[in-house]
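Below is one structure, written out as structure tokens; the observations come after it.
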There are 2 protein chains.
Amino acid sequence: MPFELPNLDFASLRTLRLVHELGSFSRAAETLGLAQSTVSYTLARLREAFDDPLFVRQGQGIVPTTRCSEIVAQAGELLDRFEELAAPRDFEPAVASLEIGISCNYYERVTILPQIVRVLRCEAPGIRLKVISSTVQGKGQLTRSQSDILLGAVQIQEAGYFRRSLFKEDYVCIMDPQNPLAQAPLDLESFVRAPQVIVNYGDGYRARFLVEMETAGYQPNTAMEVPSPASMDRILLGTDLIATVPRRIAQTYQGDVASVACPVSAEIPIDMFWTARTHSSAPHVWLRSLIATVSGREAESLQDARSSDTEDTHAFPDQSF
Amino acid sequence: MPFELPNLDFASLRTLRLVHELGSFSRAAETLGLAQSTVSYTLARLREAFDDPLFVRQGQGIVPTTRCSEIVAQAGELLDRFEELAAPRDFEPAVASLEIGISCNYYERVTILPQIVRVLRCEAPGIRLKVISSTVQGKGQLTRSQSDILLGAVQIQEAGYFRRSLFKEDYVCIMDPQNPLAQAPLDLESFVRAPQVIVNYGDGYRARFLVEMETAGYQPNTAMEVPSPASMDRILLGTDLIATVPRRIAQTYQGDVASVACPVSAEIPIDMFWTARTHSSAPHVWLRSLIATVSGREAESLQDARSSDTEDTHAFPDQSF
DNA sequence: AATGTGAATCGAAAATTTCGATAGGTTAAC
DNA sequence: GTTAACCTATCGAAATTTTCGATTCACATT
């Protein structure tokens, strides 16, 4: 064996430092509230570990060996770093520097993230968001630690995930303002007949209102399919087409298109999910709280659809930006 | 109390690191040759110390919290530094960097140090010598850690000092080569009569041969007193003066002055002293060994004039320089 | 010599760590 | 679904380490 790597605890190093500082075993013991024999025993262990006398008697008192002084200098740094490491993390948004991963899709990127980003740039400029498309794999991304937070109209049954409802979304029908259907509330019959642009979101996902329509025995008059609701206004303007999109998406086209309530009632619950891995991390707690607050009032945290776990409410900043 | 600073040992941090690496308590226990419950208990202590779950269950196995990964990264550095600190110091002259303090006077600076410096520059260029004048305070300088090594014709009776004899020195009389006294061995009567330059070394120190003369009832014919034997040749040349100086000092004037044996026999033992503080330090051991080897053959180490402590003999380099 | 100061050592008590066994909880297979 | 496999958590007992008070030892000062 080349050399037996010794084990010591940080308290021993603190004792060593104190003895070095005070130049006395007895006074160190007194300061620490221990018996002198205890300090003596601790030093015996240190001597063993470092294979050096560390302190030698010199007349009245003791004198550190050169090696001892080296060790004390190094040990001081170790202690400082350890104590910093062990200190409770008081998270300060203003100075924190870290990356947080968010899985979501177009909808959340358009409706939730812009507000979050504005607050972050102002209050926590050191937090970097890494947003990835969740498609239908959001849960797996969470468990594989590819992201820390999953946002979306997802339903996770399994245990081991935390959930917080953000808000409920419903659908509106949008169309060219000249479209006759825009002049009055839309009835179901007209809605079914109207030529629609259907958003399929790729990956075989089917919008909730389509599922509801089907259940009720209706088929939409599909004139066109697109993978994303982005720039839907550009498509619709000047045509007789209508599109059924989440209300908050419709608001991003505001002014350019007319919107009316969708006669097929379908609510989409938008939730936030995370795992125990980040549950107790101060920055994550803070960001989740921010997301919940920014998203609306219906804040409510549940784990496994059982234990409620209300997070600290984020105090929304009243400063203007 | 603001926060209880926790105590941990380095073995716990190693366990943490291993669990993080292997992703399993059981496998870490197996690797360490411990029971799984032991690792579990160690993690309970770590969780307490860091106030964080550190690892959370995730299906099959466990996943580290974000805080845990931070801690492991930091702890890894702490462990590396600690292990480096605890590793046996294998002293390598070629790369060692440190300062060693030497107390001595003119005699040793002229006779011993030049050879030491040449070896150091060649073999241990990182060792910086800090030479201070010992005058008559050499012992105090040692005990106050103002120097690490004391060289000189000193006699320390007290315990607690290590000593190694370097060599014995005797006196020669030097003079202008034209001086009639230089032509034959000097007899005591001529010596006492001859006009001398007496070196008083300041500080009331009296050369050994003067003490011997006095004991024998003679007084030198003092023509002049100087504080140091430096440049004595410049003083003597062209005069009828003689000076009595240690033989190795006389050799530094070689060629310029004539020297004959001093009829008053007086041996000066030149010793090296140090304390327990540096006794076990590898670089100091090495340097002391070098000094002893360079100084002559009579190497012999004694503590308290009792316990002999022969140091490693320094293998004098046979390379030319 | 006697005295004082401070570290080392000793035996017993206290606290901590370790172990084996077992319980609790989740995943994969049948 | 039930079982089997595989984790970590927990428990009580045993082993080890740490602490303490008292004493001894070493050195320095009076």
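We did not get these values from a lab; they are worked out from the coordinates using the rules stated. Since this is a predicted model, take the numbers as computed values, not measurements. We place every Cβ from the backbone using ideal geometry, glycine too, and count neighbours over all the protein chains shown.
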Q: Using a 10 Å cut-off on Cβ to Cβ distances, tally the other chain neighbours for every residue of B:70-82 and report the average as a whole number.
A: 3
Q: Write out the GluC sites (Glu not before Pro) in the range B:129-237 meeting two conditions: DSSP loop, and at most 10 other Cβ atoms within 10 Å of their Cβ.
A: B:Glu158
Q | For peptides A:30-36, A:257-263, A:127-133, sequence by mean Cβ density within 10 Å, most packed first | A | A:257-263, A:127-133, A:30-36
**Q.** Closest-to-axis residue of chain B (Cβ criterion, axis taking B to A), whole Å
**A.** B:Asp9, 2
Q: Using only atoms on other chains, find how many Cβ atoms lie within 10 Å of each Cβ of peptide A:158-166 and report the average.
A: 1
Q | Over the protein assembly as shown: Rg over Rh, Cα atoms, Kirkwood Rh | A | 1.31
Q | Across the identical copies, how the A:Thr252 labels are spaced - nm, sorted shortest first, 7 Å along Cα→Cβ | A | 8.9
(Q) If each label sits 7 angstrom from Cα along the C-beta direction, how far apart, in nm, is A:Arg47 from its counterparts in the other copies? (A) 4.0
Q) Can you give the average number of partner chain beta-carbon atoms within 10 Å of each beta-carbon in peptide A:62-68, as a whole number? A) 6
Q) From the label point of A:Glu30, set 7 Å from Cα along Cα→Cβ, how far away are the matching label points in the other copies, in nm, ordered shortest to longest? A) 5.5
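DSSP loop (so not H, G, I, E, B), at most 16 other Cβ within 10 Å: list which trypsin sites (Lys or Arg not before Pro) in the range A:201-275 pass both filters.
Those that pass, being in a loop and sparsely packed, are A:Arg206.
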Q: Work the Kirkwood hydrodynamic radius out for the range B:147-251: mean of 1/r over every pair of different alpha-carbon atoms, inverted, in Å.
A: 15.4
Q) What base-10 log of the normalised intensity I(q)/I(0) is obtained for chain A from the Debye formula, alpha carbons as equal point scatterers, at q = 0.11, 0.13, 0.14, 0.15 Å⁻¹? A) -0.81, -0.98, -1.06, -1.13
Q) Helices from chain B with mean Kyte-Doolittle at least -0.5 and a Cα length along the axis of 27 Å or more, per DSSP H: which? A) B:66-86
